[in-house]
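Below is one structure, written out as structure tokens, with a few remarks after it.
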Amino acid sequence: MAHCVHLNQDELTLCAQRGSGIAHCPLSNFLLTVGDFPLRRAQAAGVRVGLGTDVAAGCSPSMLMACRHAVTMSKVLSRIEGFESTEVDFKLAFWTATLGGAAVIGLEDHLGSFGLGKQFDALLVSSAPGVYDIFPETEAGPSSLKTDFERFVNLGDDRNVRQVYVRGRLVHTAP
């Protein structure tokens, strides 16, 4: 299912019981002003949720942008009276875009994360300066993997991608 911005708690519970999956398209929901999807509440109810871009009512097919929009919209929802703690950080947004999306289509045992026996779909990402600002004077040494990952999710784009692997095959190398 997509959007599901008008589901109450009983309906979320029913979705979880029936094994339904939901494509959460945060920017589309915002631009269409049809409602807000409570991502954290749905996940807490056991509903399988992945991120979508819904470019018919959005502006980008980028899953990184969908991650950013999920974080932003969760902050908006957390400030609306009546919503419990709904904030989503970059890690949960990325998880929802990858393994969450795989679960929605029933393929979580085959893709969506790095695991033994899963197909290897991956990006080799450069965290070198140039695409986004890095301020070495603010860091006490080399950046951590967590910091580089957070920068990529929050600021990166295709210019950071050096290689793309699909099912273990190198399918693209940046010039």
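Of the listed requirements (1) within 25 Å of Phe149 (Cβ to Cβ); (2) at pLDDT 90 or above; (3) open to solvent by less than 30 Å² (accessible area, probe 1.4 Å), Val47 misses just one: (1).
Out of all the residues in segment 1-47, which are part of a loop (DSSP other than H, G, I, E, B) and acidic (Asp, Glu)? Hit for segment 1-47 is Asp36, nothing else.
Scanning segment 79-89 turns up no residue that is in a helix (DSSP H, G or I), touching a helix residue (DSSP H, G or I) at 6+ places or on another chain (Cβ under 6 Å) and under 28 Å from Asp157 (Cβ atoms).
The values are calculated or read from the model by the stated rules, or taken from the named source; none is laboratory data. Given the structure is predicted, the values throughout are model-derived calculations rather than measurements. Cβ: placed from backbone, ideal geometry, glycine included. Neighbour counts: every protein chain shown. To get the accessible areas, we keep the full protein, side chains included, count just its heavy atoms, and leave off ligands, DNA and RNA. Shrake-Rupley method; radii C 1.70, N 1.55, O 1.52, S 1.80 Å.
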